[in-house]
Amino acid sequence: MRKIKALSSEDFLRLLFFLFAAFFLIGAVCMPDRADMFKGLWRILSQTAKTPTNYFDPTYGGYAGTFLNVGGVTLIAALLYLLPHSKPNGTAVIAVLLTAGLSFWGIHLLNMWFGMFGVALYCLVKRLPLGSQVNALLFTTGMAPLFSDLILAYPNALPVGFRWQGLLLALLIGLLIGFFLPAGLQYSPRIHRNCTLFSAAIPVGMTAFFLRAFLYNILGAARGSTDVGPTADLGIASWPIANIFCLAVFVLCIAFALALGCKPKDYLKLLKASGYEDDFLRQQGKAATVMNFGVFGLFVLLYYNIAALIGGSETVFNAVTLGCIFCMLSTACAGSHPRNVWPVMVGYIGASFLFEWISTGLIGGEYRHAIDAQAMLVGLCFAGGLSPLTGRYGWPFGILAGIAHFTLVTSVPLLHGGFCLYNGGFTAAFTCILFVPILEHFLTKKRN
């Protein structure tokens, strides 16, 4: 343990990345269908991945195949941070765990590479070491479903299998996306004034919007639905698998934090941080940061269990929801903790019941956005990225931001057609565009 405490912050994060990869790979061999894991992985690779796709569905990966895919993707992400000149930080944690979480329902070992080739081209042209752009490499996976569709289906409505034309088109589009993404990543924080932690969602979402319009609408391959090919059954879920796995991971994080010497006062100090332009590892230390991974993870898990209980649904814990838990956990080093995320959660719960009352009680509408609806569960995982807004301006504005995000999140996919996995982060940016100018104009004294 002394050697671990003596590690630099960058090496410590590298260790955490490999530990998370190990958790997922161990999970694969512990699943009840582990004998079918490689066949399940192949089914994931050979089908389109337009959102939302439940990899737990046995027509896709099943449980073991899904965990094998997530573990493999996370391991590759961890290995990338061993490249010379790579400097893992809070943003790197977002990149790795966001990629891991989305590997439960959109990213896989084949479609993750094409955008990375574009970033490599960018580094070649700009004469930059590839290791300096690892965050950008991973953020290109936010459009992974587009590459699957280009390889297997485009311009057809249904998948037709692997074709060299599709692979070439995916490579060309990947080079285009990856080459320009680093510039967008540098500019996007100015748009939302650092009030959302999912900053990469802006250039990824706008690129998906443009490519969907060009490739599908302008060129005549438009579809009336966001569904492409076989749609995995989102009802295939497992409450025990999801909860036992998450409990094991988060309890181990807490135990690791205690072994590193975390004291209650250390974590209480972290909880007082606003989350605005924070890096907990640098400011609060290793032990408190790892404790936040465990406590915040349990906090998120509790929320999803409450949502399942309120909705009376046992199908909440499918692969999509399990991935969302780790997507929320991705910001645990860069600014999110229970104290600045609960207002956003309250906003989501309150909006669900308020709008249901208005819809069914006042206007006689057909309400589809219950708190346990899949779109709302996915949306909340990215709405948690609004924690800096809560920390800076106060919990009432966090609740309002949660309500605004709830209102917008199901409409944004119409822009990108389901090809952007960062849909909720894209929505968070819109929420900031609506709120932050007003808050900065009327609140002369901002909270730190």
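So here's what we get for this one:
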item	result
Residue match in region 418-439 (condition: surrounded by fewer than 24 Cβ atoms within 10 Å (Cβ to Cβ), touching a residue at least 12 places away in the same chain (Cβ under 8 Å), more than 29 Å from F317 (Cα to Cα) and in contact with a Lys or Arg (Cβ under 6 Å, 6 or more places away or on another chain))	yes
Region 335-364, residues that are open to solvent by less than 60 Å² (accessible area, probe 1.4 Å), farther than 18 Å from L400 by Cα and part of a helix (DSSP H, G or I)	S359, G361
Those helices (runs of 4 or more DSSP H) lying entirely in region 1-116 with at least 3 residues among the aliphatic types (A, V, I, L, M) and open to solvent by 50 Å² or more (accessible area, probe 1.4 Å)	9-30
Residue match in region 396-413 (condition: part of a helix (DSSP H, G or I), farther than 23 Å from P338 by Cα, open to solvent by 60 Å² or more (accessible area, probe 1.4 Å) and aliphatic (A, V, I, L, M))	no
Near pairs, Cβ below 7 angstrom, 6+ apart or cross-chain, from region 394-413 (at pLDDT below 90) to any residue that is outside any helix (DSSP H, G or I) and surrounded by fewer than 20 Cβ atoms within 10 Å (Cβ to Cβ)	T410/H369; P413/T226
Count - residues of region 270-290 that are farther than 21 Å from F12 by Cα and out of contact with any helix residue (DSSP H, G or I) (no Cβ under 6 Å at 6 or more places or on another chain)	2
Scan of region 135-155 for residues that are of a type outside the set (G, A, S) and touching a Pro at 6+ places or on another chain (Cβ under 7 Å), ordered by number	L152
Elements of type helices (runs of 4 or more DSSP H) in region 144-226, at least 3 residues being open to solvent by 60 Å² or more (accessible area, probe 1.4 Å)	164-192, 201-212
Search result, residues across region 365-394 that are open to solvent by 10 Å² or more (accessible area, probe 1.4 Å), farther than 17 Å from L197 by Cβ and assigned to a helix (DSSP H, G or I)	Q374, A375
Condition met for A332 (open to solvent by less than 40 Å² (accessible area, probe 1.4 Å), outside any helix (DSSP H, G or I) and among the small types (G, A, S))	yes
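The values are calculated or read from the model by the stated rules, or taken from the named source; none is laboratory data. Just so we're clear, the structure is a prediction, and the values are computed from it rather than from any experiment. Note that each Cβ is placed from the backbone with ideal geometry, even for glycine, and that neighbours are counted across all protein chains shown. The accessibility values were calculated without ligands, DNA or RNA, using every heavy atom of the protein model including side chains. Shrake-Rupley method; radii C 1.70, N 1.55, O 1.52, S 1.80 Å.
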